[in-house]
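Heads up, the thing below is written out as structure tokens.
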Amino acid sequence: MKRIEALEVLNELTAELPVVVTCAATSRELASVENRDNHFYVLDSMGLVGSITTGLALAAKDSDLPKVIGLEGDGSLLMNPNVLPTGGFLGAEKLFLILLDNQVYGSTAGLPTYSSHVDFGALAEAAGWTVGRAADDARLRSEFDRLIATSGPTLLHLSIEAGNASDIPKLLVDPVVLSHRFQTWLTTRLARGSGTR
């Protein structure tokens, strides 16, 4: 499964959920699939998706949101693996991290990461996360459905092919604009869920 194929499925599954998206090729490819207000593209901040998603999940603990989604890459997670023990320790019920693992740094000519030697699922389980694994469309959908209904921090380890989609435009939007757009969407979504306007 290619990353853009996985993102097409995930875009469909997360239409009403907050989605924090890792930098570079992943953000560009998801924006090319559909650039929605519920997408928070973390541009030029590699390694922070897990931390941001954890904070949002904790903030949304009393909301009707089933989960807050973080789309992370293997190289980026290796920059901040502390998010796994932190999320487990905090018991962030609505935290759902989806790891798009292609074993390379997609924006640096495909240089290899260490992920072929690191079992992210085992690390997450040791820290108290519920873990699922997938490598194709059907398994992605079934594991997503299972994990979205699971209380506590959840990790879906998705094995994907190396390589970036071709002819994807750069995402040249001011990060402040992206932050404001996402904040407005999330505030409105949380108000709607609580029955207030």
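The values are calculated or read from the model by the stated rules, or taken from the named source; none is laboratory data. Just so we're clear, the structure is a prediction, and the values are computed from it rather than from any experiment. Don't worry about glycine lacking a Cβ; one is built from the backbone with ideal geometry, like all the others, and counts go over all protein chains shown.
Structure summary
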quantity: Filter result (under 21 Å from Leu190 (Cβ atoms) and assigned to a loop (DSSP other than H, G, I, E, B)) within region 48-88; calculated: Ala60, Lys61, Asp62, Ser63, Asp64, Leu65, Pro66, Lys67
quantity: Those residues of region 50-91 which are over 30 Å from Gly110 (Cα atoms) and aliphatic (A, V, I, L, M), in sequence order; calculated: Leu56, Ala57, Leu58, Ala59, Ala60, Leu65, Leu90
quantity: Region 154-197: number of residues that are touching a residue at least 24 places away in the same chain (Cβ under 8 Å) and either exposed (fewer than 13 other Cβ atoms within 10 Å of the Cβ) or at negative phi (or both); calculated: 28
quantity: Hits in region 98-153 (condition: closer than 24 Å to Asn11 by Cβ, free of Cβ contacts under 8 Å to residues at least 60 places away in the same chain and part of a strand (DSSP E or B)); calculated: Leu99, Asp101, Val104, Tyr105, Thr130, Val131, Gly132, Arg133, Ala134
quantity: Test: residue in region 177-189 that is small (Gly, Ala, Ser), under 17 Å from Val20 (Cα atoms) and within 19 Å of the chain's Cα centre (by Cα); calculated: yes
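Yes/no matrix, rows are residues, columns are (1) surrounded by fewer than 23 Cβ atoms within 10 Å (Cβ to Cβ); (2) at pLDDT below 95:
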position	(1), (2)
Glu5	yes, no
Val9	yes, no
Leu13	yes, no
Val20	no, no
Ala25	yes, yes
Val33	yes, no
Phe40	no, no
Met46	yes, yes
Thr53	no, no
